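The values are calculated or read from the model by the stated rules, or taken from the named source; none is laboratory data. If you're wondering where the values come from, they're calculated on a predicted model, not measured in any experiment. No Cβ is skipped: glycine too gets one built from the backbone with ideal geometry, and neighbour counts run over all protein chains shown. Heads up: the accessible areas ignore ligands, DNA and RNA and are worked out on the full protein's heavy atoms, side chains in. Shrake-Rupley method; radii C 1.70, N 1.55, O 1.52, S 1.80 Å.
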Amino acid sequence: MELVWLNNLPQEPKEFLQYCKTQFKLPLEDICKLYHLTLRITSLSDSPIYKFLERTPSHIKFDEIGKREFILTFSVFTLRNLLREHLDLRLVKTLFLVLSKKLPKEFFKDCMPKHSILASQDLIIELLSDKEKQFLPAHLKAKHFSLIFEIKGRCEEVISVFPFLAIWVIKNYAQHYEILTPLSISEFVILSINSEKTNLLKEQVENLLEKIKAFFPDCFI
């Protein structure tokens, strides 16, 4: 089995979408699972945030960083589900109004709101780039900075990895299976701990962990 950190993928959403189409031959839904968004949200009242968290949306990372100021990370796949299932929420409406201007229109295929939407006046949302995320405090960077990994192996080998992954894309080739999975820095550290216990990809995980430490040294102090 082989584990690789894909650290040369395009950062811009349009370029990422096109790269995954041409290089990985992935359908839209799979690409949306790999591309993650990190947002800084300022709310003038508590209600929009509380109402959002009451729905317990899956696969999100959420932190309060100040008085009514928050960091939120999720995949485009999660965004699409939010638009389909929770468009009544003020935060979701505002997310759409902001992100629809910054992301490729294809990301919103089959989940576009059917009616016009008014912006919420008590929410300010900023989409953070990877460069901006580098300046987050170490504990937030470790949680919200998403890395993408490729795992190749036989069927029984890749199945053994699933318990340690939150979201993934799988491709079946003639001789092997391939998994693409996004993991935060902290999630990869958890994977490294489990690989130590199970001897699963142990050497490769250890080598990659050293590379990640070199890129994000403050996350390991």
When you look at Ala119, is it out of contact with any strand residue (DSSP E or B) (no Cβ under 8 Å at 6 or more places or on another chain), at pLDDT below 95, part of a loop (DSSP other than H, G, I, E, B) and over 30 Å from Leu83 (Cα atoms), yes or no?
no
Filtered residues of the range 105-125 (kept if over 16 Å from the mean Cα position of the chain (by Cα) and open to solvent by less than 100 Å² (accessible area, probe 1.4 Å)):
Glu106, Phe108, Cys111, Pro113, Ile117, Ala119, Ser120, Asp122, Leu123, Ile125
Identity of the residue in the range 10-62, aromatic (Phe, Trp, Tyr) and farther than 21 Å from His144 by Cα, that ends up least open to solvent (accessible area, probe 1.4 Å)
Phe24
Return yes when Glu126 is farther than 23 Å from Gln18 by Cβ and not basic (Lys, Arg) and no when it is not.
yes
Go over the candidates Lys131, Lys102 one by one and state the one that is of a type outside the set (Ser, Thr, Tyr), within 17 Å of the chain's Cα centre (by Cα), at pLDDT below 95 and open to solvent by 10 Å² or more (accessible area, probe 1.4 Å).
Lys131
Scan of the range 63-93 for residues that are over 20 Å from the mean Cα position of the chain (by Cα) and open to solvent by 70 Å² or more (accessible area, probe 1.4 Å), ordered by number:
Lys67, Arg68, Asp88, Arg90
So the check is Cβ under 6 Å with 6+ separation or different chains; which pairs have a first residue in the range 1-19 that's without any contact (Cβ under 8 Å) to a residue 60 or more places away in the chain and a second one that's open to solvent by less than 90 Å² (accessible area, probe 1.4 Å) and aromatic (Phe, Trp, Tyr)?
Pro10/Phe16; Pro10/Tyr19; Phe16/Tyr35
Residue list for the range 160-177, filter: among the hydrophobic types (A, V, I, L, M, F, W, C) and exposed (fewer than 14 other Cβ atoms within 10 Å of the Cβ)
Phe162, Ala166, Ala174
Check the range 148-159 and report whether any residue there is touching a helix residue (DSSP H, G or I) at 6+ places or on another chain (Cβ under 7 Å) and open to solvent by 20 Å² or more (accessible area, probe 1.4 Å).
no
Got at least one residue in the range 39-50 being closer than 30 Å to Glu210 by Cβ and hydrophobic (A, V, I, L, M, F, W, C)?
no
Checking Lys133 against (1) more than 22 Å from Lys213 (Cα to Cα); (2) in contact with a helix residue (DSSP H, G or I) (Cβ under 7 Å, 6 or more places away or on another chain): exactly one of these is not met. Which one?
(1)
Can you name the residue in the range 190-221 that is at pLDDT below 95 and among the β-branched types (Val, Ile, Thr) and is also surrounded by the most Cβ atoms within 10 Å (Cβ to Cβ) among such residues?
Val205
Among the residues of the range 178-186, is there at least one that is open to solvent by 10 Å² or more (accessible area, probe 1.4 Å) and among the small types (Gly, Ala, Ser)?
yes
